[in-house]
Amino acid sequence: KILILDFGAQYTQLIARRIREIGVYCEIWAWDHDPAEIAQYAPKGIIFSGGPESTTQADAPRAPQEAFDAGVPILGICYGMQTMAMQLGGVVEADLEREFGYAEAEVIHECALLNDLKDHPGAPPRLDVWMSHGDRVSQLPEGFEVTARTPSVPIVAMADEERRYYGVQFHPEVTHTKQGTAMLERFVADICGCDKLWTAEKIIEDQIARVREKVGTDHVLLGLSGGVDSSVVAALLHEAIGENLTCVFVDTGLLRWHEGDQVMAMFAEHMGVKVIRVDARERFFSALEGVADPEAKRKVIGRMFIEVFDEESSKIDNVKWLAQGTIYPDVIESAGSRTGKAHVIKSHHNVGGLPEKMNLGLVEPLRELFKDEVRRIGVELGLPREMVYRHPFPGPGLGVRILGEVKPEYAQLLARADHIFIDELRKHDLYDRVSQAFAVFLPVKSVGVVGDQRAYEWVIALRAVETIDFMTAHWAHLPYEFLDIVSRRIINELRGISRVVYDISGKPPATIEWE
Ligand code: XMP
């Protein structure tokens, strides 16, 4: 296993994902994590991430001495390279100009990290690299050699082969660095000697054993939402403990088209998982009556959800554990190294109150996994691909896609319009090319002619975005012909809708959801 010390770069999670894709387990720790734990964790190699700070500042974050004392290979990336250079006696100079984008690096001294990474034998040893930095190393620490340079940065990579310390100024973790994955693989597999054991099959096996050991023959409760994470937890726990798992599925009336039936068909009928379906539609709608403010709606929905879930679960005897679909990014974010929105967004998901009240322990088998790993093990566990690779769906569901006050009639129209949109995206092979797509219900009436009649009806907005991290997003340039088909279907098939519009706002300034 590998340890990544995070200096706060936006790419740190990407480093971890790449390494896990290579098949090696790794963890991200904040740079100021208790250094005494490094020896205990016993990594086979350490990576220092990039960071937003300048190493030249006196109070800039530094790597703990324990990392160097661990006696294992170290790879410093960007800021990580600079702090390594500085801490070992080199010099870093603040550049006047920031460099951002492609560069061609020339390998001038081969080392275990960059050896033979060129595309074909005999080709000049050049690497296409992605740079994003302000400072650079201007003088090497003792024992190091310059291994690569670019026209603007004379020391773009450095190595001390004896101590097995490596530094690169560019970012091997981003796909723009063409040989980046090969470099990371070199580091973790060849230089650190890690075996590639972290596969979907192995993760499942490992988690099943851990869950069994933890809960024994106790009964476990799981809130199944229809989302990817809780679905994968259900499939995993079913493998691990079978009959001792009970799932509660709350139908809020704000779910995607036929979602409740699909969840029941998949888990209860097909897999034989015990699922209690609670029809709480009326309760949700009446609690939402007269509530128009988005945040107030979110609160009502969150509170109702907990109420219903608590009620149902206290009817089940002998429950000792509550399972949750917490995944690694949630853990990293709430560890405080970042104060992302994701933490707040997710908070109502975690069923509050329950563990204390019922004295339940927590089972979180996805706690160490990234979303792509969760998806891979979902497929391995036999869940259908379409379910596992579904677009994200917000906890409050259609509640935040019906602008203003929520009414059952609106929710029904919206679920159907959304289904038409998604159905056509799949048919046209566009679903996997956008990151998230959905319909929004606008409770405004506009005039139209449907048949020969004057119509005065509601509006549906379509939203489709492309994004990597959901923090920023572009609107998807879906083909006009495609939008035409969707619009016609919605207006023809849904009585009550006479106009369809397409949202062409980016994030920022607009958010992905309308509320
Ligand atoms: P925004 O609208 O903030 O959305 O650009 C970013 C991503 O977060 C999802 N989202 C939510 N997810 N509860 C959730 O679980 C929420 O209240 C919530 N609001 C937004 C949204 O679908 C998008 O993927």
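Assorted remarks:
- For segment 37-138: rounded, prolate or oblate by the Cα gyration tensor [a/c cutoff 1.5]: oblate
- Counting every other Cβ atom within 10 Å of each residue's Cβ, Met304, Met81 order from fewest to most as Met304, Met81.
- Each peptide in 213-219, 366-372, 179-185 receives the mean, over its residues, of other Cβ atoms within 10 Å, and ordering these scores from highest gives 179-185, 366-372, 213-219.
- Of Lys299/Lys320; Lys274/Lys297; Lys1/Lys178; Lys274/Lys407; Lys1/Lys202; Lys214/Lys320, pairs whose Cα-Cα distance is over 21 Å: Lys299/Lys320; Lys274/Lys297; Lys1/Lys178; Lys274/Lys407
- When you filter the GluC sites (Glu not before Pro) in segment 385-436 for DSSP loop state and at most 16 other Cβ atoms inside 10 Å of their Cβ, you are left with Glu405.
- Counting every other Cβ atom within 10 Å of each residue's Cβ, Val406, Val91 order from fewest to most as Val91, Val406.
- Overall, the chain carries a charge dipole of about 1340 debye about its Cα centre when +1 sits on the Cβ of Lys and Arg and -1 on the Cβ of Asp and Glu, all other atoms neutral.
- Amide H to amide H, with H built 1.01 Å from N, Glu457 comes under 5 Å of Ser446, Gly448, Ser498, counting only residues 5 or more places away or on other chains.
Every read-out reported here was derived from the displayed coordinates using simple, explicitly stated rules and does not represent laboratory data. This is a predicted model, so every value here is computed, not measured. Here the Cβ is made from the backbone with ideal geometry for all residues, glycine too, and neighbour counts use every protein chain on show.
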